[in-house]
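Written out below as structure tokens is the structure these notes cover.
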Amino acid sequence: MENLLEVKNLAVSFKTFFGEVEAVRNISFSVKDSQTVAIVGESGCGKSVTANSIMQLLPMPPAFFKGGEIWFEGENLLKKTDKEMQKIRGNKMSMIFQDPMTSLNPTIRVGKQIVEGLIHHHGISKQEAEEKALEMLRLVSVPQPEKRIKQYPHEFSGGMRQRVMIALAMVSDPKLIIADEPTTALDVTVQAQILELMREIQKERGMSIILITHDLGIVAEMSDKVVVMYAGQIIEEGNTKEIFENTKHPYTAKLLKSVPRLDMDKNEPLHSIEGTPPDLYIPPLGCPFYDRCDKAMKICKDNMPDEENHSPTHKSRCWLNHPLAKDQERRSS
């Protein structure tokens, strides 16, 4: 499979009254054709900033790119003008936002919101666009689409609004969908329906998905590859089986341990990660997880290790996996 998207050494900061916040710090990853890549981590770790950087939706200022490249279909998106990006957004790549109630325009009928993008990107007639919009609403299982297409977002339930968002994102047959917490606002039953719907459409249309989520259950069910972010950096990356069965970074291990299990003893307390992520006004020199890690060594405090490859698809940045640190630990013990 060829890489559809390649993010190379991306660094994104925000200018604030107090100084520069380094939200994303030199991250690199790729997405292949028809692949689902999950980006996971705590709030504030840089997931959504990464997604909005790919879509070129960050407000500039206060945001600015310090470095890096974003290659999509062989073109560097960071070199594109806003007018050129308008031809790509909603056409070749689309985004499903976390809360459809704030993402859909409440003053415009849902049908018109779907039709606008089709006419803009494909230059088809209004009638053809409406037929395509009806087809998409049927595909995402919106009942009575002929009636629903004339309604406003507030007339839909949360689950139905998210189906409309999916229809809106997929109506132009994009190569890449970025789904930023697409099921957070939904109950568990509707969540399962939305995920199944996304899987079916992906299989039918062969698109790639970047899935941003806190829910590791969704990650296990949906993704082919997992990118674990912490404090604006990628600290572990691998295929889903490797991440779940052969975890290499203590942060990833703690994330997995914090997920409630069906086989837990009723008296067993829920696990949590103590402490808080570091302040990215002044990023730490060493491993950003140092203060919260129960396996930290002295070398971790002021030195961030290079990536260590555990397999052709699995890598992490942790001194526990580094031969040099193991030697130093043995000499000091």
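Worth pointing out:
- Against the conditions (1) in contact with a Lys or Arg (Cβ under 9 Å, 6 or more places away or on another chain); (2) more than 30 Å from Val226 (Cβ to Cβ); (3) part of a helix (DSSP H, G or I), Gln127 satisfies every one except (1).
- A single member of Pro145, Pro153, Pro182 is out of contact with any Cys (no Cβ under 7 Å at 6 or more places or on another chain) and without any contact (Cβ under 8 Å) to a residue 40 or more places away in the chain, and it is Pro145.
- Taking region 168-239 and the strands (runs of 3 or more DSSP E) fully enclosed by it, the elements with 2 or more residues that are hydrophobic (A, V, I, L, M, F, W, C) and closer than 23 Å to Gln56 by Cβ are at 176-180, 208-212, 225-230.
Residues checked against (1) part of a loop (DSSP other than H, G, I, E, B); (2) of a type in the set (A, V, I, L, M, F, W, C); (3) surrounded by fewer than 18 Cβ atoms within 10 Å (Cβ to Cβ); (4) at pLDDT 85 or above:
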{"site": "Tyr281", "(1), (2), (3), (4)": "yes, no, yes, yes"}
{"site": "Pro284", "(1), (2), (3), (4)": "yes, no, yes, yes"}
{"site": "Cys287", "(1), (2), (3), (4)": "yes, yes, no, yes"}
{"site": "Asp291", "(1), (2), (3), (4)": "no, no, yes, yes"}
{"site": "Lys301", "(1), (2), (3), (4)": "no, no, yes, yes"}
{"site": "Met304", "(1), (2), (3), (4)": "yes, yes, no, yes"}
{"site": "Pro312", "(1), (2), (3), (4)": "yes, no, yes, yes"}
{"site": "Leu324", "(1), (2), (3), (4)": "no, yes, yes, no"}
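- Matching residues, region 254-297, being charged (D, E, K, R) and touching a residue at least 60 places away in the same chain (Cβ under 8 Å): none
- Test: residue in region 97-110 that is outside the structural domain of Pro153 (by TED's automatic domain parsing), of a type in the set (A, V, I, L, M) and either closer than 27 Å to Ala253 by Cβ or in contact (Cβ under 8 Å) with a residue 12 or more places away in the chain (or both): no
- Of the residues Glu42, Glu69, the single one that is surrounded by fewer than 21 Cβ atoms within 10 Å (Cβ to Cβ) and assigned to a strand (DSSP E or B) is Glu69.
The values are calculated or read from the model by the stated rules, or taken from the named source; none is laboratory data. These figures come from a predicted structure and were not determined experimentally. With ideal geometry, Cβ positions are generated from the backbone for all residues, glycine too; neighbour counts draw on all protein chains shown.
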